Each structure stands twice: as structure tokens, then as C-alpha cells.
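Have a look at the structure below before the remarks.
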Amino acid sequence: TGTGLKAVAENSSVTEFILEGLTNHQELQIPLFFLFLGFYVVTVVGILSLITLTGLNSHLHTPTYFFLYNLSFIDFCYSTVITPKMLMSFVSTKNVISYAGCMTQLFFFTFFAVSESFILSAMAYDCYVTICNPPVYTATMSPQVCLPILLGVYVMGFARAMAHTACMGRLTFCANNLVDHFRCDILPHLERSCTSTYVNEPVVFVVVGIDIGVPTATIFISYGRSKAFSTCGSHIIAVSLFFGSGAFMYLKPSSLLPMNLGKVSSLFYTIVVPILNPLIYSLRNKDIKIAMKKTLSKKSFS
């Protein structure tokens, strides 16, 4: 993707963007820095703990935890793409990001966000098979099935990231490079384009609509048929926050959504969901609790 991003950068008269950040109120900058730093530390510790437990305990080497392991990995990368740069905005006088850096952030953010939406679908299907067809679960969710599903998840993420970055690369940004957001995102940058965005807007609406609509339908059909809404309620909460805030941001006309509300909506799927996932899948999961006790007891014994 490096060559493509270099070509994208050459297509613009702007060499850098200034991100306004989450708020202009100076008295809130330091408190927000420590707040989101705390969120990020909790997220990273929770995700790495979940990944470590899944890797160290053989009884967790099942399709369910295979997908959970990958969800945790995606959440870690997803959060790391956004949060460190966001934290810098609270303590720097001028939050500048290069054009190439901005397109890189946009690419990887899109890649991991779309990958997350489809890995959640895979987890819902796994939940459906577990409840509805337990006798054939091992055959249905064999490695020969799980690996292609996971490959498809990452291929979808890569394809969408390339599409959005390529569409952004065809635009030219002139003069006003001040972007009213805390990260590089599609809609705020479209407002700063001095060339027509007639191609970009339908692409965003259609592609994001598919990336939200298809996984959401898959998840709710799977849970509905398996009557798993009660047993997988925590998963439903995470899914609703992730897809709901994404739809609120991208599937409404920009004229109806002030950018301040857009930034708040972005916080849910960039900050809140990655911190919730490890908490939901560990604190409400008996297998993870057993694995944690075994791991801690081994360390205490040694």
C-alpha cells in the first residue's frame, strides 16, 4: 500500500492537515488526556490479557475462541491506530498530520473497522451452530471452515480500505486544511475538498451500508434462529453500539448531522467498543474465568 499512498499524496496540493481535535476548550484538554489515556491503558491490558489467556490455555483452542482471539487482535490494532494520535492532540499546541500519514491512518482504520464488523458476524454464526447443531459443531466449524472465514474477513477489510482510500486520493485539497475532527475520517475530509465529491458520497453510502447491513442482518438472523438473545446478550450490546454509532455517523446526510455529534458518535466505535469487548467476553465468560484462575494459580505455585 506504500506505493499507492505515495501516489495519493502527489495528487493533492495539501501536504498536511490540522486536526481540530475533540474540543476547543483549553481547560478540558488535560482532563481529557488522562481520561482517554486511562481508557487506552485499560483497553490494551484487557485485550492483551485475553489474547494471552486464549493462547496459553489449550481448552480455549476452539473455533469460538479462535474468532475471539482475532477480535481481540483487531480491537488492539483498531484502538492503536486512533488513540495515540488523539492523545497527542490534547497536549500539543498544533495537531498536525501529514497527508500521507492521514491517508495511512484512514486506510488502517477502515481495514480494522470493516474486519471487526465481519468477525462479529462470524462469531454470531459460531454461536448459532453451537446452540442449534451441537452434535455437528466440530465438523461444521472445523479448521478447514474457520480459516477461509477468517481470510474472508480480512479480505473484505482490505478491499474496503483500498476503495475508500482510493476514492479519497482522487480529491484535491486546497488552502483550508483545518479538519474538524480528532482523526482522519472520510466525511470531514470531503468537506475540505476543492474538487467534486459526487463519486465519494455514493461510494461511502453504498459500501458502508453493505458493511453494516449485511453483518447486522447475519447476526440478528443467527441469534433469532438460535434463540440466543438471552445467552448472547452481552454480544448484542457490543454489536448494537458498534453498528448503531457507525450507521448514525455514515448513513445519514451530512447536512443533518453536525460535526460535533459526528465526533461524539465516532467515540463509541473507536474508543468505547474496544474497551467493552474484552470486558464483556472475559467478565461474563465462565471459560475465561476458569482459564484466568488456572493461569494465576500456576504462577502462584511456581
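The values are calculated or read from the model by the stated rules, or taken from the named source; none is laboratory data. Note that the structure is predicted; figures quoted are calculated from it, not measured. FYI the Cβ positions are ideal-geometry reconstructions off the backbone, even for glycines, and counts take in every protein chain you see. Accessible surface areas use protein heavy atoms only, side chains included; no ligands, DNA or RNA. Shrake-Rupley method; radii C 1.70, N 1.55, O 1.52, S 1.80 Å.
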Condition broken by ASN285, with the remaining ones in (1) modelled with pLDDT under 70; (2) within 16 Å of the chain's Cα centre (by Cα); (3) among the polar types (S, T, N, Q) satisfied
(2)
State whether one or more residues within the stretch 253-263 are at pLDDT 80 or above, assigned to a helix (DSSP H, G or I) and not small (Gly, Ala, Ser).
yes
In the stretch 52-68, anything modelled with pLDDT under 90 and open to solvent by 20 Å² or more (accessible area, probe 1.4 Å) is listed as THR52, GLY55, LEU56, SER58, HIS59, HIS61, THR62, PRO63, THR64
Scan the stretch 117-127 and give yes if some residue there is modelled with pLDDT of 90 or more and over 17 Å from THR64 (Cβ atoms), otherwise no.
yes
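For every residue, the table says whether it meets (1) open to solvent by 30 Å² or more (accessible area, probe 1.4 Å); (2) among the acidic types (Asp, Glu); (3) part of a helix (DSSP H, G or I); (4) under 18 Å from GLY152 (Cα atoms).
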| position | (1), (2), (3), (4) |
| --- | --- |
| PHE76 | yes, no, yes, no |
| THR80 | yes, no, yes, no |
| LYS94 | yes, no, no, no |
| THR104 | yes, no, yes, no |
| PHE112 | no, no, yes, yes |
| LEU120 | no, no, yes, yes |
So which residues in the stretch 82-92 are in a helix (DSSP H, G or I) and over 29 Å from LEU68 (Cα atoms), if there are any at all?
MET88, SER89, PHE90, VAL91
So which residues in the stretch 148-191 are open to solvent by 30 Å² or more (accessible area, probe 1.4 Å), closer than 21 Å to THR270 by Cβ, at pLDDT 90 or above and of a type outside the set (A, V, I, L, M), if there are any at all?
TYR154, PHE158, ARG160
When both residues are 6+ apart or on different chains and their Cβ atoms are under 9 Å apart, which pairs have a first residue that lies in the stretch 9-26 and is within 13 Å of SER92 (Cβ to Cβ), and a second that is open to solvent by 100 Å² or more (accessible area, probe 1.4 Å) and modelled with pLDDT of 85 or more?
none
Regarding the stretch 52-63, can at least one residue be identified that is under 23 Å from LEU187 (Cβ atoms) and either of a type in the set (Lys, Arg) or part of a helix (DSSP H, G or I) (or both)?
no
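Can you pull out the residues in the stretch 192-226 that are of a type in the set (Gly, Ala, Ser) and either open to solvent by 30 Å² or more (accessible area, probe 1.4 Å) or part of a helix (DSSP H, G or I) (or both)?
Within the stretch 192-226, SER196, GLY209, GLY213, ALA217, SER222, GLY224, SER226 meet the criteria.
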Any residue that is open to solvent by 20 Å² or more (accessible area, probe 1.4 Å), among the polar types (S, T, N, Q) and modelled with pLDDT of 90 or more - is there at least one of those in the stretch 30-51?
no
Look at MET292 and say whether it is surrounded by 14 or more Cβ atoms within 10 Å (Cβ to Cβ), in a helix (DSSP H, G or I), modelled with pLDDT of 70 or more and over 15 Å from the mean Cα position of the chain (by Cα).
yes
